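Down below is the structure, laid out as structure tokens.
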Amino acid sequence: MTAAFLTADRLQAPSRTMAGVDEARAVLDRLWARGREFLGTELAIMGGAMTWVSERNLVAAISNAGGFGVIASGSMSPDLLANEIEATAALTGRPFGVNLITMHPQLLELVDVCLAHSVGHVVLAGGIPPAAAIARIRDGGARALCFAPALVLAKKLVRSGAEAIVIEGSEAGGHIGPVSTAVLAQEVLPHVSEVPVFVAGGIGRGEAILSYLEMGAAGVQLGTRFVCAHESIAHPNFKRAFIRASARDAMPSAQLDTRFPVIPVRALANPATEHFAQTQRDVIERFSRGELSQKDAQLEIEHFWAGALRRAVIDGDVEGGSLMAGQSVGLVSREQSTVDILDELVEQALAVIDARRRAEDRDRQQ
Ligand SMILES: Cc1cc2nc3c(=O)[nH]c(=O)nc-3n(C[C@H](O)[C@H](O)[C@H](O)COP(=O)(O)O)c2cc1C
């Protein structure tokens, strides 16, 4: 089932007409034409890969609803990934992609699995991807998308063969960079025209999608907004935590000492967050007393969150697990079907376009 979008009985304002809706849709379709063409979808909306959440059910639901679902491969082995791709393909005939983490020790084998299963798009995430991985994807006939945390890296990745860029601001859920989506979009969008650019991080409504498209984005990527989809297998406790949370509850992980770097991850504050701070304090004290080497201290800090996302998403341990979430969690108010979520986003974008057109008509008539 594809998102229904606006039909006559769903027109919100009495003065909205079907002709107006068609016109608004044509404007939106022009704005995201490049993204739709690149992804092969009706909507240039990617469902950002979320480890444990973006598996066959949610990915297929997003693609079936006209968006672009992306499998999160996380630390999967090649066999597990092959299995997940096959299971997803059994649920949808529409295009979907696979997200690979660049520091995975079997990165090139995972690329080969994608190619062997005719996956059309591979997203390389979690660090600057090796040129060999980009080349392997392209040579195998798939399209390579890369994350760029700054303009200079976006340019470099395009030179290395990236066929699309994703810019993800610090409002996003999960591992984050230091720069907000709004600033990254201004830094990158006016200067990268060679390939489509998709904007991610903090997007929860259609008005925001429209504004990034008008700034030159080819499309967008949303993660947090899809966690509470009916089709998402996230544990009911995980979903409940999202529905209850406001934007300010989604905080980046804190680093207590510059000698012990912590990769920033945005997640809902919970008892594990405080426990992490306490663990860092203990480890740093033991290091200061000479009881731990710097390397062992760093490992202990890094080990703290191992398996924590799975505990929260799959087991529902919302106290001891990691509740990775973006600030747009404040815009998640209920469980909805994936079709409804996409429908709502498109409708919000169309409403702005249509309201503008009507205002212009009024101005002309005066
Ligand atoms: C629970 C969760 C897990 C995530 N896991 C991954 C991941 O495995 N790989 C990745 O590239 N991005 C990951 N992300 C980021 C999303 O793909 C997406 O870019 C991000 O959620 C967009 O920002 P938003 O949350 O504000 O919509 C994750 C995000 C969340 C909320």
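The values are calculated or read from the model by the stated rules, or taken from the named source; none is laboratory data. On a predicted model such as this, the values are computed, not experimentally measured, just so you know. When we count neighbours, we look across all protein chains shown, and the Cβ atoms used for this are built from the backbone with ideal geometry, even at glycine. Each accessible area value is taken on the protein alone, full model and side chains, heavy atoms only, with ligands, DNA and RNA left out. Shrake-Rupley method; radii C 1.70, N 1.55, O 1.52, S 1.80 Å.
Some notes on this structure:
- Rounded D (µm²/s) - the range 298-345, Kirkwood Rh over Cα pairs, Stokes-Einstein at 25 °C, 0.890 mPa s: 189
- Cut-off of 10 Å, at most 11 other beta carbons, DSSP loop: longest stretch of the chain lacking such trypsin sites (Lys or Arg not before Pro): 1-258
- Centre separation in Å (Cα based) which lies between the range 329-365 and the range 243-280: 34
- With the simple spin-label model, which puts each label point 7 Å out from Cα in the Cβ direction, the Gln348 to Ala150 separation comes to 3.1 nm.
- Positive minus negative residues near Ala116 (Lys, Arg vs Asp, Glu; Cβ under 11 Å): -3
- Computed label-point distance, nm, for sites Arg289 and Ser118 using a 7 Å Cα→Cβ extension: 6.3
- Protein-only accessible surface order, largest first, of His121, His175 at 1.4 Å: His175, His121
- Charge sum, other residues only, whose C-beta stays under 13 Å from Val183's C-beta, Lys/Arg counted +1 and Asp/Glu -1: -3
- Subtracting the Cα-Cα distance of His275 and Ser193 from their residue separation scaled by 0.36 nm leaves 25.0 nm.
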